[in-house]
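Please read the structure below before turning to the comments.
The values are calculated or read from the model by the stated rules, or taken from the named source; none is laboratory data. Computed from a predicted model, the values in this text were never measured in an experiment. Note that we place each Cβ from the backbone using ideal geometry, even for glycine, and neighbour counts take in every protein chain shown.
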Amino acid sequence: MQPSGRSAPRLTLKLTLTLTLTLTLTLALALARTLTLTLTLTLTLTLALILTPTPSRQVTFPGDATTRWVSFWDAHAPHIAGGTRKTVDAPLDTIPVYLRG
């Protein structure tokens with residue numbers, strides 16, 4: 001039992017996963033020339049897990065002002081600039097998931 005006036009400690013977990021896929025294609029052309037094409041795809045996913053029953057959650061979005069984050073669940077929601085802290089809805093049945101876009 002907690003002493004009066006004190007709440008139970010909150011347990012939070014933040015996970016950032018970055019996946020980068022690079023594909024390089026080199027073509028040998030006539031006259032001893034080569035053409036190299038490189039395609040890089042990077043996906044960054046940030047999860048802010050909610051382990052206590054709260055209707056909202058303060059989330060800090062990494063990056064700078066040029067970084068944009070979009071809700072995984074609502075692609076039409078306004079983008080959020082990196083380097084900002086925002087209160088987001090956090091019902092227990094939906095994990096707040098944001099993709100860097």
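For region 75-101, give me each residue that is over 22 Å from residue 19 (Cβ atoms) and without any contact (Cβ under 8 Å) to a residue 12 or more places away in the chain.
Within region 75-101, 76, 77, 78, 93 qualify.
Which of the residues that make up region 41-58 are β-branched (Val, Ile, Thr) and modelled with pLDDT of 70 or more?
Taking region 41-58 first, the residues β-branched (Val, Ile, Thr) are 42, 44, 46, 50, 52, 54.
The answer is 42, 44, 54.
Filter region 60-93 down to residues that are at pLDDT below 85, surrounded by 11 or more Cβ atoms within 10 Å (Cβ to Cβ) and either in contact with a Phe, Trp or Tyr (Cβ under 8 Å, 6 or more places away or on another chain) or not in a strand (DSSP E or B) (or both), then give me how many there are. Steps first, answer last, please.
Within region 60-93, the subset at pLDDT below 85 is 75, 89-93.
Among the residues that remain, those that are also surrounded by 11 or more Cβ atoms within 10 Å (Cβ to Cβ) are: 89-92.
From what's left, either in contact with a Phe, Trp or Tyr (Cβ under 8 Å, 6 or more places away or on another chain) or not in a strand (DSSP E or B) (or both): 90-92.
Residues meeting the conditions: 3.
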